[in-house]
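Written out below as structure tokens is the structure these notes cover.
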Number of protein chains: 2
Amino acid sequence: MGNSNLLNKMAEIIQKSDNQTAKQKKIMEVAISLFAEKGYSNTATAEIAKLAGVAEGTIFKHYGTKENLLLSIMVPFLKELFPSMADELFEELMTDNISFEEFLRKFLKNRTHFLLDNQEIFQVFIKEMIYKEELKNELVPYIFEQASPRLGKVIDVFQKRGEVIDLPISQIKNVLATTVFGFFISRFALLNRQYLNDEEIDHIVRFIINGIGSAPNP
Amino acid sequence: MGNSNLLNKMAEIIQKSDNQTAKQKKIMEVAISLFAEKGYSNTATAEIAKLAGVAEGTIFKHYGTKENLLLSIMVPFLKELFPSMADELFEELMTDNISFEEFLRKFLKNRTHFLLDNQEIFQVFIKEMIYKEELKNELVPYIFEQASPRLGKVIDVFQKRGEVIDLPISQIKNVLATTVFGFFISRFALLNRQYLNDEEIDHIVRFIINGIGSAPNP
DNA sequence: TTAAAAAGTGAGTACTCAATCACTATAAAT
DNA sequence: ATTTATAGTGATTGAGTACTCACTTTTTAA
């Protein structure tokens with residue numbers, strides 16, 4: 001049933017993605033920019049080649065297919081989306097005794113900056129996920145799988161401290177994930193904001209705290 | 001500068017959109033389904049014709065261009081998106097003395113059902129808005145223009161009753177719009193949920209109330 | 001009943017696009 | 001210096017595309 005065909009391809013790409021030529025870098029750079037602006041389907045390989053100052057054949061020599069060029073853009077982004085955050089932030093959080101609210105704020109700021117730094121790739125990502133069922137069906141579960149255990153551990157800690165409402169962890173995960181996910185998507189992908197100030201982060205934090213924090217509920 | 005070229009086209013479509021042939025209806029039906037599934041760019045007019053049991057020429061006889069077929073799908077949806085709600089719900093609200101929370105709940109339920117009934121068109125709408133700058137730049141202001149005065153009136157009423165936090169109305173409008181908008185988009189367009197239970201609506205209402213309601217703020 | 005108008009057809013057209021391939025230029029290894 | 005491997009080229013291909021047009025069928029009006 002084509003089981004994780006995509007994830008296998010991704011693994012291949014990761015191995016090959018080390019030594020890039022100057023021209024390869026230029027191709028990627030231009031492709032990211034065009035895909036983000038006009039979408040994958042509306043971008044011709046000829047246009048990428050022209051703007052990158054490269055023959056069209058060069059693209060296919062390196063990436064084989066247009067589809068594979070897209071994956072070569074998205075995979076390194078995905079690889080960085082979770083693990084980096086995990087090791088830096090989650091550990092720090094578990095040692096220091098910061099509040100749930102402060103943790104959320106730090107977390108959102110951290111990921112916001114990452115997404116701002118990679119705004120174009122993020123846009124490519126969202127836009128393609130909307131169309132390609134395969135992408136959605138394989139990557140969303142993968143992302144959840146990556147994030148779920150860590151997130152569960154964090155929620156558990158804060159529930160025991162009495163800072164998070166006493167509901168099944170899976171339910172809280174869902175609320176958190178869809179809220180944060182929806183927030184990032186609508187900000188950076190749909191309305192293409194170039195910035196995000198602390199005030200807006202405070203807002204979403206307040207929303208979440210009031211939604212799943214265990215403050216007295218009138 | 002192509003000023004509201006699109007809105008003119010939309011006006012034309014509205015006038016012509018009355019008496020539809022059986023084949024026209026079938027074309028629209030198939031086009032909506034295919035555009036929603038695979039996106040506008042990835043759908044060939046030949047495929048629409050085939051699935052609709054119609055010659056390809058028939059499509060162009062009626063709609064002229066593929067682009068115009070897309071508009072013919074979106075315009076009636078847009079026309080219904082705001083006014084219907086306005087006349088039914090807003091008036092009712094102003095006479096009865098329902099609370100801000102209850103108003104929000106009713107409003108969200110009302111619009112949720114509308115979007116569920118037109119889920120495919122809504123998906124087409126979101127997907128294309130992401131790509132087409134012209135669409136975004138002309139329609140989003142138009143939508144805001146339509147909704148803004150009514151929304152302003154409502155917020156004003158509730159502010160005077162002391163149920164909504166005392167901030168500039170424009171700022172509150174923004175928070176409300178982006179929250180609700182982002183909520184609908186992430187639910188129905190990205191993660192394509194087929195349903196939405198009352199519990200989830202309660203959640204978003206609670207988020208908003210705690211965010212901009214004037215409850216004591218710890 | 002007949003004329004005019006509208007709806008519907010489908011082969012044909014001009015064009016775009018991803019992908020190929022025979023080839024050259026450059027760098028690395030022997 | 002010579003072979004081998006890798007990077008890069010660009011004209012060519014063939015499948016697919018939106019759209020046209022001369023034509024037929026059906027509906028409406030006189």
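The values are calculated or read from the model by the stated rules, or taken from the named source; none is laboratory data. Remember, it's a predicted structure, so these values are computed and weren't measured experimentally. No Cβ is skipped: glycine too gets one built from the backbone with ideal geometry, and neighbour counts run over all protein chains shown. Ligands, DNA and RNA are stripped out before the accessible areas are found, and what is left, the full protein with its side chains, is counted by its heavy atoms. Shrake-Rupley method; radii C 1.70, N 1.55, O 1.52, S 1.80 Å.
Inter-chain neighbour count for B:178-187: the average number of beta-carbon atoms from partner chains within 10 Å of each residue's beta-carbon is 5.
An ellipsoid equivalent to region A:82-212, defined through the eigenvalues of its Cα gyration tensor, has semi-axes of 25, 18, 14 Å when rounded to whole angstrom and sorted largest first. Region B:1-158 has equivalent-ellipsoid semi-axes of 34, 17, 14 Å, by the square roots of 5 times the alpha carbon gyration tensor eigenvalues, sorted largest first. Within the shell defined by Cβ-Cβ distances under 9 Å, the residues around A:Ala36 carry a net charge of 0, with Lys and Arg each +1 and Asp and Glu each -1.
The residues packed around A:Asp156, meaning those with a beta-carbon under 15 Å from its beta-carbon, carry a net charge of +3 if Lys and Arg are +1 and Asp and Glu are -1. Taking the empirical scaling 2.2 N^0.38 Å for compact globular proteins as reference, region B:5-73 has a Cα radius of gyration ratio of 1.05.
Residues in region A:94-104 carry Karplus couplings, in order, of 6, 7, 5, 9, 7, 6, 4, 4, 5, 4, 4 Hz; the curve used is 6.51 cos²θ - 1.76 cosθ + 1.60 with θ = phi - 60°, and Gly or Pro positions show x. Counting only Cβ charges, +1 for Lys and Arg and -1 for Asp and Glu, the dipole size of the protein assembly as shown around its Cα centre is about 1060 debye. Averaged per residue, region A:5-73 has 54 square angstrom of accessible surface, using a 1.4 angstrom probe with ligands and nucleic acids left out.
When B and A come together, around 2900 square angstrom of accessible surface is lost from both chains combined, probe 1.4 Å. Calculated mean residue ellipticity, 222 nm, the protein assembly as shown: -23000 deg cm²/dmol, from DSSP H runs (n ≥ 4) at -39500 (n - 2.57) each, averaged per residue and rounded to 500.
In region B:30-84, the portion of solvent-accessible area held by carbon and sulfur atoms comes to 57 percent [1.4 Å probe, whole percent, DNA, RNA and ligands not counted]. Shape analysis of region B:115-162 places it in the oblate category; the axes a ≥ b ≥ c from the Cα gyration tensor give an a/c of at least 1.5, with a/b not above b/c.
Inter-copy label distances at A:His113, using a point 7 Å along Cα-to-Cβ, come to 4.8 nm with the shortest given first. Is the shape of the protein assembly as shown best called rounded, prolate or oblate, per the rule: a/c under 1.5 gives rounded, else a/b larger than b/c gives prolate, else oblate, with a ≥ b ≥ c the square roots of the Cα gyration tensor eigenvalues? It is oblate, given that a/c is not under 1.5 and a/b is not larger than b/c. Taking amide H atoms as placed 1.01 Å from N in the peptide plane, the amide H of B:Glu163 has no partner under 5 Å among residues 5 or more positions away or on other chains.
Among the residues of region A:196-211, those with an accessible-area drop of 40 Å² or more from chain alone to full protein complex, heavy atoms and 1.4 Å probe, are A:His203, A:Arg206, A:Phe207, A:Asn210, A:Gly211. With its label point put 7 Å out from Cα toward Cβ, A:Glu56 sits 2.1 nm from the same residue's point in the other copies, in order from shortest. Using a probe of 1.4 angstrom and keeping all protein chains present, the accessible surface of region B:82-212 works out to 45 square angstrom per residue.
What does the net charge come to around A:Glu134 if you take all other residues with beta carbon closer than 14 Å to its beta carbon, with K and R at +1 and D and E at -1?
Values: positive: A:Lys9, A:Lys132, A:Lys136, B:Lys38; negative: A:Glu67, A:Glu128, A:Glu133, A:Glu138, B:Glu37.
Residues close to A:Glu134 contribute a combined charge of -1.
Residue of chain A with the Cβ closest to the rotation axis carrying A onto B, and that distance rounded to whole Å: A:Asn210, 2.
For chain A, averaging the sequence separation of C-alpha pairs within contact (under 8 Å, six or more residues apart) and dividing by the residue count gives a relative contact order of 22 percent.
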